[in-house]
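Below is one structure; the comments refer to it alone.
The values are calculated or read from the model by the stated rules, or taken from the named source; none is laboratory data. This structure is a prediction, so every number in the text was calculated from the model and none was measured. Quick reminder, even Gly has a Cβ in these numbers, built from the backbone with ideal geometry, and neighbours come from all protein chains shown. SASA here: full protein model, heavy atoms, side chains in, ligands and nucleic acids out. Shrake-Rupley method; radii C 1.70, N 1.55, O 1.52, S 1.80 Å.
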Amino acid sequence: MFTELNVFKISYAMATHAGTRQALVSQNIANSDTPDYQVKDIRPFTEVFARRGTTSGDMISTRASHLNGSANGMQWAITTDDSNADPSGNTVSIEEQILNGVEAKRQHDRALAIYRSSMNILRTSLGKQ
């Protein structure tokens, strides 16, 4: 009955995106002294969600082995940035990565708040609080 509620899919995708971004931020910070390391990031969630290109009712894949091997779902391309490299070729800015980590945490918290709010609405509508 409630398996097709898009709000849960969106909050899950937003939380997964935030987790992926946080992992990349951690990887960037861990490699801040590695020569020739290029900082990695993913496209913003709003851009990824807008580009998914599906209409209501279309099936979307969540991984490459799903739905005949096509991956038209949420594709979070990992990008690298080779601008502002230091003399060793490293492009990691610790300050920028800390800000990216805070932004990822806020996005994850927002996704959890959306999920909790939606669950509360469902519980209230069913008369279970």
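So how do ARG123, ARG43, ARG110 rank on accessible area, 1.4 Å probe, biggest first, that is with the largest at the start? Working shown, then result.
Details: ARG123 105, ARG43 45, ARG110 125 Å².
Order by accessible area, largest first: ARG110, ARG123, ARG43.
Give the accessible surface of segment 1-51 per residue, rounded to a whole number of Å², with probe radius 1.4 Å and ligands, DNA and RNA excluded.
On the way: 3010 Å² over 51 residues.
Spelled out: the 1.4 Å probe surface of segment 1-51, per residue, equals 59 Å².
What lysines sit close enough to LYS40 to cross-link, taking a C-alpha to C-alpha distance under 18 Å and skipping anything fewer than 8 places away on the same chain?
Here the lysines satisfying the reach criterion relative to LYS40 are LYS105.
FRET efficiency for ARG110 and ASP36, Cβ-Cβ distance as r, R0 = 35 Å, nearest 0.05? Don't skip to the answer; put the middle values down first.
Details: r = 35 Å, r/R0 = 1.00.
It comes out at approximately 0.50.
Name the residues whose placed amide hydrogens come within less than 5 Å of the amide hydrogen of VAL39, ignoring near sequence neighbours (fewer than 5 apart) on the same chain.
So VAL39 has HN proximity to ASP81, THR91, VAL92.
Separation between the ARG43 and ILE10 pseudo-spin-labels, each 7 Å from Cα along Cα→Cβ, expressed in nm?
Going from the ARG43 label point to the ILE10 one covers 1.8 nm.
For segment 1-48, what class follows from the C-alpha gyration tensor (a ≥ b ≥ c being the square roots of its eigenvalues): rounded when a/c is under 1.5, otherwise prolate if a/b is larger than b/c, else oblate? Let's see the in-between values first.
Values: a/c = 6.23, a/b = 3.25, b/c = 1.92.
Prolate.
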